[in-house]
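Novice: Before I ask anything, here is the structure I am working with.
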Amino acid sequence: MIKRERIVMLYAVILIVLLALTGCGGSLQDIADINFDTRTDIISDEELQPDVQESETAWQTGEHDERYVYMTLDEECQRVYTEIYATIINHEEAREVSTLDPDVLDEAYRAVMSDYGELFWVSGYVYTQYKKGDVIEALEFAPSYTKTADERSAIQEQIDGRVSEILADISPDASDYDKTRYVFDYLAANVDYVLGSQDNQNIISVFLYGQTVCQGYASATQYLLSKLGIQSAIVTGEAEGNAHAWNLVRMDGEYYYVDTTWGNSTYTGEEMGNERFINYNYFGITTDELLATHLPDDAFALPECTATRDNYYMREECYFSTWEPDTIGALCKAGYESGNTAVSVKFATEELYQQTKQYFIEEQHILDYCSGITTLYYVEDVQQKVLIFRF
């Protein structure tokens, strides 16, 4: 049998690079780069056919069924998602995918990167369209690797060791809330927010250097939560007009937003006091609360988050819908006497918020509960109606 060959024009190679997210204070950087390279290749019919058997086998494993973004995709995009993930995990140079639509490829790639925060060795991709005349015959996906396979293996070993140390102190039987708060607390307290930090668009910066920006925080949060069996995804968009990344997290069957970057009180500068503390204003918040400061992009469908049970202030009984000065004072006293550097309280209305501020700070009734206190900072978040006492 004579193998029939086709002359195929390879007419466009497009390099897609993910947006670099520097968090608040950074800027949205459009670094997409398009190159056109025209040449003639000889591609056989067999080479033009996708490996259907391989795709269907991966498709049937259900490996990604618990990943949030994967579940939002249609069937074609889920299939391409599976192929992209396999290509990256196997460190393959390129793979023909089972779509001819570059938009489907891009949606699937972004979905993989949102569901898997640990993919530190890839940043963007190249796709190649193979055409016969004006008809697209095949689409090839080629990841843009930032590490060789050997470099990736060595770095992964270091990361695995560090992650094991970090998660050693949280029980696998802990509640979803406790697991999520443990990860949030660790990253906010131990990883510095540093613009220009090395490898800050992936988890290397977090686990090996202890310095990152919002993309690193969000990727590390997703990765650690997945290790603890908590479903989460990386969400990108803007916060206060700047490129930003945070997480969608499922706790006890309900979805919440968590912004670990904003949990680090030092990320905005020194105005929040000289000593670092953990800011819980964006732990377990609703869609309405998020949209006051954050604007997600349209990379994938997001749920309407309305649950409040696993919000930090609700779980820790620091949320007030009535005027309770003695209860608030007792919280401040317990925090002050135990050496905590911050006590946060949240209010149902701005009226209660302002009443508390006037009573405890302006009228200095904090002295009625915290005997011997000589210095008090306070941090205001009027939008979230949160008052933070800093001792």
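The values are calculated or read from the model by the stated rules, or taken from the named source; none is laboratory data. What you see is a predicted model; the values in this text were computed from it and never measured. Glycine gets a Cβ as well: all are built from the backbone with ideal geometry, and neighbour counts include every protein chain shown. Surface areas here come from the heavy atoms of the whole protein model, side chains and all, with no ligands, DNA or RNA. Shrake-Rupley method; radii C 1.70, N 1.55, O 1.52, S 1.80 Å.
Novice: Specify which of the listed residues (Y130, Y125) is farther than 23 Å from V206 by Cα, open to solvent by 10 Å² or more (accessible area, probe 1.4 Å), touching a residue at least 60 places away in the same chain (Cβ under 8 Å) and not in a helix (DSSP H, G or I).
Specialist: After ruling out the rest, the residue left standing is Y130.
Novice: Which of the residues belonging to the range 372-382 are open to solvent by 30 Å² or more (accessible area, probe 1.4 Å) and assigned to a loop (DSSP other than H, G, I, E, B)?
Specialist: Once the filter is applied, which keeps residues that are open to solvent by 30 Å² or more (accessible area, probe 1.4 Å) and assigned to a loop (DSSP other than H, G, I, E, B), the range 372-382 yields G372, T374, T375, L376, V382.
Novice: If you don't mind, there's one more thing I want to ask. Report every pair of residues separated by at least 6 positions or lying on different chains whose Cβ atoms are under 7 Å apart, first residue within the range 310-328 and of a type in the set (K, R), second open to solvent by less than 70 Å² (accessible area, probe 1.4 Å).
Specialist: R315/Y177
Novice: From the list D173, D178, which residue is of a type in the set (D, E, K, R), part of a loop (DSSP other than H, G, I, E, B) and open to solvent by 10 Å² or more (accessible area, probe 1.4 Å)?
Specialist: The conditions single out D173.
Novice: All but one of (1) at pLDDT 95 or above; (2) in a loop (DSSP other than H, G, I, E, B) hold for Q198; state the number of the condition that does not hold.
Specialist: Unmet for Q198, out of (1) at pLDDT 95 or above; (2) in a loop (DSSP other than H, G, I, E, B): (1).
Novice: Still on this model: Would you point out which residue out of A188, A154 is without any contact (Cβ under 8 Å) to a residue 12 or more places away in the chain and either in a helix (DSSP H, G or I) or touching an Asp or Glu at 6+ places or on another chain (Cβ under 9 Å) (or both)?
Specialist: One residue alone meets the criteria, A154.
Novice: May I pose another question? Scan the range 355-371 for residues that are open to solvent by less than 60 Å² (accessible area, probe 1.4 Å) and over 35 Å from the mean Cα position of the chain (by Cα) and jot them down. Steps first, please.
Specialist: Just the residues of the range 355-371 that are open to solvent by less than 60 Å² (accessible area, probe 1.4 Å), to begin with: 356-357, 359-361, 365-366, 369-370.
Listed by number, the residues that qualify are Y359, F360, I361, H365, I366, Y369, C370.
Novice: Could you tell me which residue of the range 133-146 is modelled with the lowest pLDDT, considering only residues that are surrounded by 16 or more Cβ atoms within 10 Å (Cβ to Cβ) and farther than 20 Å from E63 by Cβ?
Specialist: My answer is E137.
Novice: Given the structure, is V122 under 24 Å from the mean Cα position of the chain (by Cα) and within 20 Å of A108 (Cα to Cα)?
Specialist: In short, yes.
Novice: List pairs: first in the range 136-150 and among the aromatic types (F, W, Y), second part of a strand (DSSP E or B), Cβ under 7 Å, 6+ apart or cross-chain?
Specialist: F141/R95; F141/Y125; F141/Y127; Y145/V122
Novice: Looking for something open to solvent by less than 40 Å² (accessible area, probe 1.4 Å), out of contact with any Pro (no Cβ under 9 Å at 6 or more places or on another chain) and under 30 Å from D106 (Cβ atoms) - is there at least one such residue anywhere in the range 149-161?
Specialist: Yes; the residues of the range 149-161 include at least one that is open to solvent by less than 40 Å² (accessible area, probe 1.4 Å), out of contact with any Pro (no Cβ under 9 Å at 6 or more places or on another chain) and under 30 Å from D106 (Cβ atoms).
Novice: Which of the residues belonging to the range 61-71 are crowded, with 16+ Cβ neighbours inside 10 Å and in contact (Cβ under 8 Å) with a residue 60 or more places away in the chain?
Specialist: Matches in the range 61-71: R67, Y68, V69.
Novice: Check whether at least one residue in the range 105-114 is among the basic types (K, R), assigned to a helix (DSSP H, G or I) and within 17 Å of F300 (Cα to Cα), and report yes or no.
Specialist: Taking every residue of the range 105-114 in turn, at least one turns out to be among the basic types (K, R), assigned to a helix (DSSP H, G or I) and within 17 Å of F300 (Cα to Cα).
Novice: May I pose another question? Of the numbered conditions (1) outside any loop (DSSP other than H, G, I, E, B); (2) open to solvent by 10 Å² or more (accessible area, probe 1.4 Å), Y313 satisfies every one except a single condition; which is it?
Specialist: Among (1) outside any loop (DSSP other than H, G, I, E, B); (2) open to solvent by 10 Å² or more (accessible area, probe 1.4 Å), Y313 violates only (2).
Novice: Could I ask something else about it? Step by step: first the residues of the range 76-122, then only those that are touching a Ser or Thr at 6+ places or on another chain (Cβ under 7 Å) and charged (D, E, K, R), then the one that is surrounded by the most Cβ atoms within 10 Å (Cβ to Cβ). Which residue is that?
Specialist: Step by step, filter the range 76-122, then rank; the result is E83.
Novice: Considering the range 203-224 alone, what residues qualify as being touching a strand residue (DSSP E or B) at 6+ places or on another chain (Cβ under 8 Å), touching a residue at least 24 places away in the same chain (Cβ under 8 Å) and closer than 18 Å to G161 by Cα? Break it down into steps so the answer makes sense when it comes.
Specialist: The first filter runs over the range 203-224 and keeps only residues touching a strand residue (DSSP E or B) at 6+ places or on another chain (Cβ under 8 Å), leaving 205-206, 210-215, 217-222.
Applying the additional criterion that residues be touching a residue at least 24 places away in the same chain (Cβ under 8 Å) yields 213-215, 217-222.
Across the range 203-224, the qualifying residues are S219, A220, T221, Q222.
Novice: Run down L331, L387, L352 and say which single residue is assigned to a strand (DSSP E or B), touching a strand residue (DSSP E or B) at 6+ places or on another chain (Cβ under 7 Å) and either among the hydrophobic types (A, V, I, L, M, F, W, C) or open to solvent by 80 Å² or more (accessible area, probe 1.4 Å) (or both).
Specialist: Of L331, L387, L352, the one residue that is assigned to a strand (DSSP E or B), touching a strand residue (DSSP E or B) at 6+ places or on another chain (Cβ under 7 Å) and either among the hydrophobic types (A, V, I, L, M, F, W, C) or open to solvent by 80 Å² or more (accessible area, probe 1.4 Å) (or both) is L387.
Novice: Would you check which residues across the range 92-104 are out of contact with any helix residue (DSSP H, G or I) (no Cβ under 7 Å at 6 or more places or on another chain), assigned to a loop (DSSP other than H, G, I, E, B) and farther than 24 Å from R152 by Cα and list them? Please lay out each step first, then the result.
Specialist: Residues of the range 92-104 out of contact with any helix residue (DSSP H, G or I) (no Cβ under 7 Å at 6 or more places or on another chain): 92-94, 96, 100-103.
With assigned to a loop (DSSP other than H, G, I, E, B) added as a condition, the list becomes 92-94, 100-101.
Selection gives L100, D101.
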